[in-house]
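A short write-up of the structure that comes next.
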Amino acid sequence: MNRTTQAVRFDQYGGRDVLRVTDIPAPEPGPREVVVEVRAAAINPFDATIRSGVIRHLFPVDFPSGQGSDLAGVVVAVGAEVGQLGVGDEVLGWTPAAGAHATHLAVPAERLVAKPPRVSWEAAGSLHMVGATAYAAAHAVAARPGETVAVSAAAGGVGSFLVQLFTHQGVRVLGIASPDNDEWLEKHGVIPVPYGDGLRERLERAAGAGGIDAFIDLYGPEYLDLAVDLGIKPDRIQTTVAMERAAEIGARTDGRHNATAREILVELVELVASGAVEIPIAATYPLDRVADAFAQLEQRHTHGKIVLLP
């Protein structure tokens, strides 16, 4: 392995203009760690939120800071006390210390699982964040087969994974999204409901006499208010973004941290490998175009994941 590696770094809080790609010393594996040659690493809205500094009171960073958590690649070095992985293994998972946007990275072995051959590098490098977030959200509202759940931002990174989890479980899903996504949603067993004026009436018509049993918001606080107006009980309303409003109405805010167990990651990988759930890939970028990747993400109308290919 080279004595240096390339990685995305930023030296101050700010927009995507603070990002730079630089040479850093090649990582060495510590005890219970492996070094992964990164083949794919997703970008996530959470990365941008951390970098902006708006939640520095909750998630402060030390400068210069790395970025990114999801990754997939090939093990090129193994540290002491690692029994389950070896050099040459193809893996996917996540790093608890930001830094996946790099060509090489030392990662705790317990955060990685085998990448099945049927799972593409792009999908593998996108799996953890969306999968764990979707898994936690689904369990938060405890939807049962035959029930109806509405999901906002249903065609986004987390949303597209979540709606497939539900339909796989026999849950009826009303997917709130742009009409541009109707075909994809219908193909995956979801009833598309366009967002915008008159949304409540469209949801009520789509739900029918049985109404809506639960609501998952992946976009913003206005959807929590809509869920309340629809008569949904607060304990069956879940959001991943509108925490303050959720606290006011008693909604749930389960997030990725509720679903980081290794056995859950294995379960999610099996769903993708079997074809039960697909991860749409909206775009890929080389590492040196990381700012362009975030520019596309900030449009907030991306269908699926944006992935860096170091």
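Counting only strands (runs of 3 or more DSSP E) that sit wholly inside region 1-117, those with at least 3 residues that are within 25 Å of D288 (Cα to Cα) are 4-9, 20-25, 33-43, 70-78, 90-94, 104-108. Quick check: anything in region 57-66 modelled with pLDDT of 95 or more and open to solvent by less than 60 Å² (accessible area, probe 1.4 Å)? The answer is yes; a qualifying residue exists. Here D229 meets each of (1) on the phi < 0 side of the Ramachandran plot; (2) in contact (Cβ under 8 Å) with a residue 60 or more places away in the chain with one exception, condition (2). Residues in region 3-20 that are without any contact (Cβ under 8 Å) to a residue 40 or more places away in the chain and either loosely packed, with under 12 Cβ neighbours inside 10 Å or not β-branched (V, I, T) (or both): R3, G14, G15, R20.
Scanning region 98-117 for residues that are within 16 Å of the chain's Cα centre (by Cα), among the hydrophobic types (A, V, I, L, M, F, W, C) and open to solvent by 50 Å² or more (accessible area, probe 1.4 Å) gives a single hit, A98. Taking the numbered list (1) open to solvent by 30 Å² or more (accessible area, probe 1.4 Å); (2) more than 11 Å from the chain's Cα centre (by Cα); (3) farther than 16 Å from P280 by Cα in turn, K187 passes all entries but (3).
Among the residues that make up region 169-182, is at least one of them open to solvent by less than 20 Å² (accessible area, probe 1.4 Å), of a type in the set (S, T, N, Q) and free of Cβ contacts under 8 Å to residues at least 40 places away in the same chain? No, region 169-182 contains no residue that is open to solvent by less than 20 Å² (accessible area, probe 1.4 Å), of a type in the set (S, T, N, Q) and free of Cβ contacts under 8 Å to residues at least 40 places away in the same chain. Summed over region 118-141, the residues that are buried (at least 24 other Cβ atoms within 10 Å of the Cβ) and in a loop (DSSP other than H, G, I, E, B) give a count of 2. Evaluation of A282 against the conditions (1) farther than 30 Å from D23 by Cα; (2) in contact (Cβ under 8 Å) with a residue 24 or more places away in the chain; (3) not charged (D, E, K, R) shows that the sole unmet condition is (1).
Residue-by-condition table, conditions (1) closer than 26 Å to E298 by Cα; (2) not in a helix (DSSP H, G or I):
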{"position": "G146", "(1), (2)": "no, yes"}
{"position": "A153", "(1), (2)": "yes, yes"}
{"position": "S160", "(1), (2)": "yes, no"}
{"position": "G170", "(1), (2)": "no, yes"}
{"position": "G175", "(1), (2)": "yes, yes"}
{"position": "D182", "(1), (2)": "yes, no"}
{"position": "V193", "(1), (2)": "yes, yes"}
{"position": "R200", "(1), (2)": "no, no"}
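The values are calculated or read from the model by the stated rules, or taken from the named source; none is laboratory data. Note that the structure is predicted; figures quoted are calculated from it, not measured. Every residue, glycine as well, gets a Cβ built from its backbone with ideal geometry; the counts of neighbours run over all protein chains shown. Only protein heavy atoms, including side chains, enter the accessible area calculation; ligands, DNA and RNA are left aside. Shrake-Rupley method; radii C 1.70, N 1.55, O 1.52, S 1.80 Å.
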